[in-house]
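The next block holds one structure in the form of structure tokens; read it before the comments.
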Amino acid sequence: MAKKADKFEFQTEVNELLNLMIHSLYSNKEIFLRELISNASDALDKLNYLCLTNDEYKTLNYLPRIDISLDKDKKTLTISDNGIGMNKEDLINNLGTIARSGTKNFVKELSGEAKKDSALIGQFGVGFYSAFMVANKIEVLSKKALEDKAFLWSSDAKSYEIKESQKDIHGTTITLFLKDSEFSEFYRIEGIVKKYSNHIPYPIFADKEDYIPPKDGEKEGSYETRNVQINKASALWKLNKSNIKANEYNDFYKQISHDSTDPLAYFHTKAEGKIEYTTLFFIPATEPFDLFRVDYQSGVKLYVKSVFISDDAKELLPPFLRFVRGIIDVEDLPLNVSREILQENKIMANVKDQSVKKILTELAKIKDKDREKYIKFYKLFGKVLKEGLYGFNNDKEQILDLALFKSSKRDSLVSLKEYKEQMKEDQKSIYYISGNNESMLRNSPLLESFKKNDIEVLIMDEEIDTIVMPMVYEFDKTPIKPVNHSDIDSEIKTEEDKIDESKHTEILVKMREILKDDVKDVKLSSRLSDSAAVLIYDKNDPDFSMQTILKQMGQTNLPKVKPILEINPNHEIFEKLNKNEAMIYDISTLLLDMAKINEGMNIENPLEFSKTLTRVMLKAL
Ligand code: ADP
Ligand code: MG
């Protein structure tokens, strides 16, 4: 009795994705095979893992493999695996929806512009649905391991059907009804497999037709079909470095990352000390689409003795290295190590520490040897790397060494080491100014005395700088200080800057009284040469850009932080003010408001500001 088929609609996002893929002029159609093979390989990994860790599965007797068969006449390509398989529910969840929220968001961001989107899709790896680029119709016949029923899923990319069916062994068989016969040619398929899937750990077989030339007395030759393995099926990272070519590393990277661009760099390490393990890390040349999402996917896969264990263990590397892709393969762990145990495992902790060290060390080598490449890396991932400066961790010094910054004196990015080499003889600290607007920072009154004294100041205009730099106290024994903190004044004061405070005591006392609700203090400054006044912050107070970020992060009940107003005693205003005390109220409030504007702050009462300014203008006319 034939079972009736159930009809289903695709989730909206899937429809959008399918539409895009079928109609955008996607230039790199062949990647569909990489996606299907990688799914088959994942399914074998999953079953492998269950067999190792779960007694119920130990009775299963199978040799993991992937088979491809081609039919030129029918224009079909079939790919089978004997992996975990899917039941009806799995088919609906996996091949009818996009489950991961990160992926969903990604699809929403696609613009509909074919060129832009196909670049994005290429980088992102669209998985199963990419098969619709080459097929009008797809059938998926699957039987889940340890279950009895098999199901047939079929779709023309508009909707899909599922019905009960028959299948001998657990696993999945996917049949593509091809749009054209290109992908039913053995040599074409063999080429794609070698390019993208040579080093998946399972063998891939296909039928190869060999031409046998005519023997004596025969007129025509004949064809003989042999089932051959078309990939190496060896873990690339286990091979000897000297036997691996750059393009093999690059192709392997593309296989595990879905990125279609060659990586910027790779680091391959075999550790044979107390703990034996192999790592192969890649630095991408493009930004992973989910780099700044909370639910980013880990790019590092964990293997134990070449057996796949997990690809969702974010703790394999710290978040500040989340752009790294690659493999960690540990020898000294039991195969049935549970994912939960991994987090507390001492061996893993050790491998992680060593891996972080290795990656940072290799990046430092690139920085010293190939600045151009390093800048490329830094522009892509510098922001993420700098997250490692937050809080306490052992790698801070190494990360600081890798950081590059804009500078008040140079056009190119500089490292802290390079900064130190150019420091003035009596210069005590490394100075920086931080905020979110580069040109405002470069023109800040706070830099006047630094410019006058020819002292370099690092310009930090990325949000992450404002967050992490207050937690960085020194580099290579030299203190690092922001130019707007109160304790710097004495460091940059020269003999000629010494001020005769007594001349101004009276004004200071009056200004403090007038501005007492808005500022912590009014002081004489030695950091100004052209401007009349500037706002600075007490050493332990968050400055304005820090306050802004704290607010953005949702901290609404921040205590009001009062800045300190520093005034330039050498400015004409104060000489004149000494003689004209009637104006002191208006001038004081204007100076404070101007200092706020210079820093990008809002003034609290614009109307009052205008009134005061008008009064002063009238006086001046
Ligand atoms: P991804 O592999 O990134 O999860 P895909 O679109 O490639 O996304 O696949 C979607 C899901 O379908 C997979 O996560 C998996 O659960 C399931 N799937 C696809 N192919 C197979 C297969 N050959 N065997 C078992 N499950 C599969
Ligand atoms: Mg996939």
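What the table shows:
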quantity: Candidates M594, M601, filtered to the one that is farther than 18 Å from H485 by Cα and surrounded by 11 or more Cβ atoms within 10 Å (Cβ to Cβ); calculated: M594
quantity: Matching residues, segment 203-247, being under 45 Å from the mean Cα position of the chain (by Cα), loosely packed, with under 10 Cβ neighbours inside 10 Å and in a loop (DSSP other than H, G, I, E, B); calculated: N240, K245
quantity: I399 vs. criteria crowded, with 16+ Cβ neighbours inside 10 Å, in contact (Cβ under 8 Å) with a residue 60 or more places away in the chain and touching a Gly at 6+ places or on another chain (Cβ under 9 Å); calculated: yes
quantity: Subset of segment 55-88 (residues that are part of a loop (DSSP other than H, G, I, E, B) and under 29 Å from D6 (Cα atoms)); calculated: K74, K75, N82, G83, I84, G85, M86, N87
quantity: Filtered residue count, segment 541-574, keeping only those that are surrounded by fewer than 13 Cβ atoms within 10 Å (Cβ to Cβ) and in a helix (DSSP H, G or I); calculated: 3
quantity: Test for F151: is it more than 16 Å from ligand 2 (Cβ to nearest atom), touching a strand residue (DSSP E or B) at 6+ places or on another chain (Cβ under 8 Å) and not polar (S, T, N, Q); calculated: yes
quantity: Sole residue being of a type outside the set (S, T, Y), at pLDDT below 90 and within 14 Å of ligand 2 (Cβ to nearest atom), chosen from L52, L33, L17; calculated: L17
quantity: 2 or more residues under 27 Å from M423 (Cα atoms) and outside the structural domain of Y49 (by TED's automatic domain parsing): qualifying helices (runs of 4 or more DSSP H) within segment 320-408; calculated: 346-369, 371-386, 396-402
quantity: Of all residues making up segment 248-262, the number that are part of a helix (DSSP H, G or I), of a type outside the set (S, T, N, Q) and either outside the structural domain of D312 (by TED's automatic domain parsing) or buried (at least 16 other Cβ atoms within 10 Å of the Cβ) (or both); calculated: 6
quantity: Residue ID - surrounded by the most Cβ atoms within 10 Å (Cβ to Cβ), chosen from residues in segment 46-59 that are closer than 13 Å to G171 by Cβ and either within 11 Å of ligand 1 (Cβ to nearest atom) or hydrophobic (A, V, I, L, M, F, W, C) (or both); calculated: L47
quantity: Cβ-Cβ under 7 Å pairs, at least 6 apart or on other chains, segment 601-621 side among the charged types (D, E, K, R), far side surrounded by 10 or more Cβ atoms within 10 Å (Cβ to Cβ); calculated: R615/D586
quantity: Criterion: touching an Asp or Glu at 6+ places or on another chain (Cβ under 8 Å) and at negative phi - qualifying residue of S545, S525; calculated: S525
quantity: Filter pass, S610 being surrounded by fewer than 15 Cβ atoms within 10 Å (Cβ to Cβ) and part of a helix (DSSP H, G or I); calculated: yes
quantity: Criterion (modelled with pLDDT under 85 and within 23 Å of K194 (Cα to Cα)) met by exactly one of V294, V300, V307; calculated: V307
quantity: Residue among E139, E161 that alone is away from ligand 1 (no atom under 12 Å from the Cβ), part of a strand (DSSP E or B), closer than 29 Å to C51 by Cβ and at pLDDT 95 or above; calculated: E139
quantity: Top-ranked residue of segment 438-473 - restricted to ones that are free of Cβ contacts under 8 Å to residues at least 12 places away in the same chain and either outside any helix (DSSP H, G or I) or more than 31 Å from the chain's Cα centre (by Cα) (or both), ranked as surrounded by the fewest Cβ atoms within 10 Å (Cβ to Cβ); calculated: Y473
quantity: Residue list for segment 169-181, restricted to those being surrounded by fewer than 18 Cβ atoms within 10 Å (Cβ to Cβ) and within 16 Å of ligand 1 (Cβ to nearest atom); calculated: I169
quantity: Matching residues, segment 172-187, being in contact with a strand residue (DSSP E or B) (Cβ under 8 Å, 6 or more places away or on another chain) and either away from ligand 2 (no atom under 16 Å from the Cβ) or free of Cβ contacts under 8 Å to residues at least 12 places away in the same chain (or both); calculated: T173, T175, F177, L178, K179, F183, S184, E185, F186
quantity: Failed item, numbered, when A114 is tested on (1) modelled with pLDDT under 90; (2) touching a His at 6+ places or on another chain (Cβ under 8 Å); (3) within 16 Å of ligand 2 (Cβ to nearest atom); calculated: (3)
quantity: Conditions (1) more than 10 Å from ligand 1 (Cβ to nearest atom); (2) at pLDDT below 90; number of the one not met by K7; calculated: (2)
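The values are calculated or read from the model by the stated rules, or taken from the named source; none is laboratory data. Values in this document were obtained by computation on a predicted structure and should not be read as measured data. Glycine also receives a Cβ, built like all others from the backbone with ideal geometry; neighbour counts cover every protein chain displayed.
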